[in-house]
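Visitor: Structure in structure tokens, see below.
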Amino acid sequence: MFRFKSAEKLNAADVFILAAIAAFASIVILVC
Amino acid sequence: MLAIALEKIKDFAPLKRAAYVRVILAGFAAIVLSKAFRFFEHGFWEAGQATDFAAFHIAAQRVWLGDVELAYQFQWFMKMQAEASAGATGFMPWTYPPQFALLLSPLALLPGWAAYLLFMAVTLGAYLATLREIAKNNLELVLILTFPAIAVTIGGGQNGFLTGALIGLTCINVERRPYLSGIALGAMIIKPHLAIAVGAYMLLARRWSVIAAAGLTIILTSLVCTIVFGLSIWGAWLEGVRESASFLDEGRYPLFRMISTYAMLRAAGGSSTIAIWGQAVATCFALGTLLLSVVRGPSSRFALGVAVLTSLMISPYAYDYDLPIAGVALALLLPDFSNLATQRERSLTYGLLAFAGGYGLLRTALLAGDPGDSAGRSLAASVSGPALLVVLVLVLRAILRQAHYQGLEG
């Protein structure tokens, strides 16, 4: 889907932010 | 630092920025669709707990049945909930002005799950379009920090996107299309306590066209409601508001999900009188900061951002699902705030805004194991309000710093 050049690859901060978003979305789905 | 990581996103290549936005939108879509599917399968009531959207759907149905004014009486509204859910009820009083019931009425023509899907799609779409227009390069940053509040609003099927979009439209059009701006501000009659600070800004900035259009919108929509529902609807609404105020006084609302100083003090064990005085002090602080931002702030955009932020701090009755408005505030504040606030202040601001949006839900998750403990629910610490107050202090520091620079230049 997304092809990043080497300079555009996901770094640790990106992974952390996106994982936090996915985790919070999962909590909302389960709890609300 | 949080600020560096988040602010770097706007310098990423377009493809990577698009990936961020798509992941976030996919998260929203996943929550909306999963909720709609659950409503399709089980209805709005699950395990004795009702979704907030159930109240909207019931009120919409009552418009067609011709007895919406009974919804303002808590006992009657409980009966309506029991009818709609085969016996189950939740603590959901109906206190919205009649305009909101009229606006919702077409949703009664759809089954609950479809009405939810339509309401979320239209209001969330309008909110995101408004946010994109205001935030521009900072869209990813704003979306990430507002994600918890947006997710919570989707989860409850609440109206935070509608109010967020209306406040956003008010701000976008204030310079070039003041009458449209005023119509959007007037439409905030559906939740008037969240528009007080923006109204105060319009007065301070002498935006008479906006104020006139807002006033006319309120008068015209009120006339339509009077024609449709009859004059007695207004007495019923005021009685509903009075009843709701007594529930607040008794601490019957889930205080940990509220974002006001009042809720913080009540949840901390303070009496109703202490909490009201605390709220009054917070309101004075918020309006004082707004005044200072208009007089000494770096730009009218920044002052408008302060108005939007403080609109969440005026009323004791405000919830985490009202926080999409904070996304609009952040989008307005950011360009100047990035220059005026230190990296540490920005990190703290970003962290607190995300925390304020997510705290209520995380607390709900922790309390979910004991759903019968209503006392525990109402007494759990309410900390989103203080988080917003700290954000306002940091915004005030930025204004004072700007005033200091102006003094040096002068």
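The values are calculated or read from the model by the stated rules, or taken from the named source; none is laboratory data. Only a predicted model underlies this, so the values are computations on that prediction, with no experimental measurement involved. Cβ: placed from backbone, ideal geometry, glycine included. Neighbour counts: every protein chain shown.
Visitor: Restricted to chain A, and to residues that are modelled with pLDDT of 85 or more and of a type outside the set (A, V, I, L, M, F, W, C), which residue is farthest from residue B:8 (Cα to Cα)?
Guide: A:26
Visitor: Which one is farthest from residue B:328 (Cα to Cα), of the residues in segment B:356-384 that are touching a Leu at 6+ places or on another chain (Cβ under 9 Å), in a helix (DSSP H, G or I) and modelled with pLDDT of 80 or more?
Guide: Result: B:365.
Visitor: Can residue B:255 be described as within 25 Å of residue B:104 (Cα to Cα) and surrounded by 14 or more Cβ atoms within 10 Å (Cβ to Cβ)?
Guide: Spelling it out, it is not the case that residue B:255 is within 25 Å of residue B:104 (Cα to Cα) and surrounded by 14 or more Cβ atoms within 10 Å (Cβ to Cβ).
Visitor: Here's a check for you: in segment B:19-58, which residue that is under 14 Å from residue A:28 (Cα atoms) and of a type in the set (Ser, Thr, Tyr) is surrounded by the fewest Cβ atoms within 10 Å (Cβ to Cβ)?
Guide: B:34
Visitor: Would you mind stating whether residue B:71 is more than 21 Å from residue A:32 (Cβ to Cβ) and crowded, with 18+ Cβ neighbours inside 10 Å?
Guide: yes
Visitor: Please tell me if residue B:303 is over 30 Å from residue B:52 (Cβ atoms) and assigned to a helix (DSSP H, G or I).
Guide: Judged against the criteria, residue B:303 is a match.
Visitor: Can you pull out every residue in segment B:201-242 that is more than 25 Å from residue B:63 (Cα to Cα) and in contact with an Asp or Glu (Cβ under 7 Å, 6 or more places away or on another chain)?
Guide: none
Visitor: Show the residue pairs that are 6+ apart or on different chains and have beta-carbon atoms under 6 Å apart, the first residue being within segment B:273-299 and without any contact (Cβ under 8 Å) to a residue 12 or more places away in the chain, the second being buried (at least 18 other Cβ atoms within 10 Å of the Cβ).
Guide: Once the first residue is without any contact (Cβ under 8 Å) to a residue 12 or more places away in the chain and sits in segment B:273-299, its partners that are buried (at least 18 other Cβ atoms within 10 Å of the Cβ) give B:274/B:265.
Visitor: Here's something else I'd like to know. Counting just the residues of segment B:133-170 that are under 19 Å from residue B:304 (Cα atoms) and polar (S, T, N, Q), which one comes out surrounded by the fewest Cβ atoms within 10 Å (Cβ to Cβ)?
Guide: Among those residues, the one meeting the criterion is B:137.
Visitor: For residue B:197, are the conditions met, namely being surrounded by 13 or more Cβ atoms within 10 Å (Cβ to Cβ), at pLDDT 95 or above, part of a helix (DSSP H, G or I) and in contact with an Asp or Glu (Cβ under 8 Å, 6 or more places away or on another chain)?
Guide: In short, no.
Visitor: Here's a follow-up. Could you please let me know if residue B:56 is within 30 Å of residue B:331 (Cβ to Cβ) and away from chain A (no Cβ under 14 Å)?
Guide: In short, yes.
Visitor: So residue B:174 passes all but one of these: (1) assigned to a helix (DSSP H, G or I); (2) buried (at least 24 other Cβ atoms within 10 Å of the Cβ); (3) more than 14 Å from every other protein chain (Cβ to nearest Cβ). Which condition number does it fail?
Guide: (1)
Visitor: Say whether the condition of being under 30 Å from residue B:361 (Cα atoms), of a type in the set (A, V, I, L, M, F, W, C) and either part of a helix (DSSP H, G or I) or touching a residue at least 12 places away in the same chain (Cβ under 8 Å) (or both) is met by at least one residue in segment B:213-224.
Guide: No, segment B:213-224 has no match at all.
Visitor: Filter segment B:208-244 down to the residues that are at pLDDT 95 or above, in contact with a Pro (Cβ under 6 Å, 6 or more places away or on another chain) and not hydrophobic (A, V, I, L, M, F, W, C) and list them by number.
Guide: B:209 - this is the single residue of segment B:208-244 that is at pLDDT 95 or above, in contact with a Pro (Cβ under 6 Å, 6 or more places away or on another chain) and not hydrophobic (A, V, I, L, M, F, W, C).
Visitor: Only residues that are over 17 Å from residue B:321 (Cβ atoms), part of a helix (DSSP H, G or I) and either of a type in the set (D, E, K, R) or touching a Lys or Arg at 6+ places or on another chain (Cβ under 9 Å) (or both): list them for segment B:22-64, please.
Guide: Matches in segment B:22-64: B:22, B:38, B:41, B:62.
Visitor: Also, quick follow-up: Run down B:115, B:101, B:121 and say which single residue is out of contact with any Ser or Thr (no Cβ under 7 Å at 6 or more places or on another chain), under 25 Å from residue B:220 (Cα atoms), of a type in the set (Gly, Ala, Ser) and in a helix (DSSP H, G or I).
Guide: The match here is B:101.
Visitor: Next question. Where the second residue is hydroxyl-bearing (Ser, Thr, Tyr) and assigned to a helix (DSSP H, G or I) and the first is free of Cβ contacts under 8 Å to residues at least 60 places away in the same chain and lies in segment B:319-332, which pairs have Cβ atoms under 9 Å and are six or more apart or on separate chains?
Guide: Going by the 9 Å Cβ cut-off, the qualifying pairs are B:329/B:310.
Visitor: If you scan segment B:241-271, which residues turn out to be under 19 Å from the mean Cα position of the chain (by Cα), of a type outside the set (Val, Ile, Thr) and assigned to a loop (DSSP other than H, G, I, E, B)?
Guide: If the condition is that a residue be under 19 Å from the mean Cα position of the chain (by Cα), of a type outside the set (Val, Ile, Thr) and assigned to a loop (DSSP other than H, G, I, E, B), then B:253, B:254, B:260 are the ones that fit.
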